[in-house]
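Worksheet: one structure, shown below.
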Amino acid sequence: MIAPILALVQLIGDFGLGQAIVVRREIRSTEVSSLFWIGLLLNVALALVLALVSPLIARMYGDPRAVPITLALAALLPVSGLATQHAALLNRNLNYIALALLDIAPSTVYLAAGVATAWRGWGYWSLIAATIADTLAGVILTWSFSRWRPGWPSYDPNVWSLLRVSAHIAAYNFAGYATTSFDNILIGVTKGADALGFYDRGYKLVVQPIGQLIAPVTRIAVPLLSRLGPADIRYKRAYLDMVHMMLLIGMPGILIATLMAKPIVFIFLGRRWLEVAPIFAWLSFGSLASPVYSSTFWLFVTQNRTEQQIYYVTIVSIVSVLSFIAGLPWGPTGVAAGAALSFLFVSTPLVCWGATKKSAVVSMTDLIRALRPFVFAGLVTVGALEIIKAYLRVSDVTLLGVSLLFAYGTFLAVLACLPSGIPIVRRAWQLSTLLVRRA
């Protein structure tokens, strides 16, 4: 219940200050220091506001337990804000080793702290403890990896241009917030904690793996495409290669999640959570578009078209909210279905059209041509998975293992048989190998 509200406050606290550093071609240490102090003051103010409104949040949900949880998480806001500029500089400098460790280490600390405190009977407070441990670990590691240290607060007139860029990015994030969080608030207020619990588990089972795929590529794509610039002939090739790489890695797995939702939920969550399965299946189906949708952010930002981006994402947010409301009579599963269908068939095509409409580099035709082999390979893979699901009578663990082998094997085999498939696989492999070597 508190998570979507905290996410909104964190978006305000971030205010796009980190991404503004990444996309700026040249930046001075004094400018970064100014952004650091602005961000810190903003997060302190937001923590105080969140603490003051905690009783109102509890009243909205009809649950007094929300007050101490909100207070505990509000205290983390200034702490998390300490690392925004340091992480942005690591991203800007393409420090792959540090970025990879920052992906893995805090999550490991989160898991260890959560399991340890849950084992000792902390109940839902074990999730709060895990979040605190994750935040502290991330800040400490980010400061350890980054050599930059903020200077004393001072006025730098050049910071206003950075704030304009960050404001555009923040507006994009705010518009996208409705797409990712309003469904949770809507279900929590109208259907209660149990329904939200099922929806939240299904949502996180989908979003967290997808995030682990997209976030590292985005951290590489934005600074890389920013350095190349739209005028560079390598820009389009680099963009399409990174989209191909995400689809190669993620698409077969997403198809498995969509078609094998029940055994996956049973294996990872247990029998008592089987109501999550249809929610998980619908959200997985919608997430097929996630790699392509997220890649439009790279185009808008690196072509300095963030104002246009805000316009399209605002429309997407409205469409998403309407889809949540339309599915609400059918409970969490209906909300998931509405979200998936609108995201896959309305939001993603709209944003892709907007990202390529005025682009002199990547056109809609380029994007459609790049996606055609993957659509065909995906349809064949779905057929293979349906046959396995219908005729293979084995345990859930074995079924999932066989499905993984067949899905990725079929997907790659179909691509290899297509004229445009072999070059796609080869370039994606070369790109992934290059990134591993640089790491």
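Key figures for this structure:
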| read-out | value |
| --- | --- |
| Elements of type helices (runs of 4 or more DSSP H) in the stretch 45-153, at least 1 residues being modelled with pLDDT of 90 or more | 66-74, 76-81, 96-119, 125-145 |
| Qualifying positions in the stretch 333-369 - farther than 19 Å from residue 424 by Cβ and of a type in the set (D, E, K, R) | 357, 358 |
| Enumeration of residues in the stretch 29-47 that are within 15 Å of residue 74 (Cβ to Cβ), in contact (Cβ under 8 Å) with a residue 24 or more places away in the chain and surrounded by fewer than 15 Cβ atoms within 10 Å (Cβ to Cβ) | 44 |
| Residues within the stretch 150-159 that are surrounded by fewer than 11 Cβ atoms within 10 Å (Cβ to Cβ) and either in contact with a Phe, Trp or Tyr (Cβ under 7 Å, 6 or more places away or on another chain) or closer than 15 Å to residue 18 by Cα (or both), tallied | 0 |
| Selection count, the stretch 130-157, where residues are within 19 Å of residue 42 (Cβ to Cβ) and among the polar types (S, T, N, Q) | 3 |
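The values are calculated or read from the model by the stated rules, or taken from the named source; none is laboratory data. Please read all numbers here as calculations on a predicted model, not as lab measurements. Methodologically, a virtual Cβ is constructed for each residue, glycine included, from the backbone with ideal geometry; neighbour enumeration extends over all protein chains shown.
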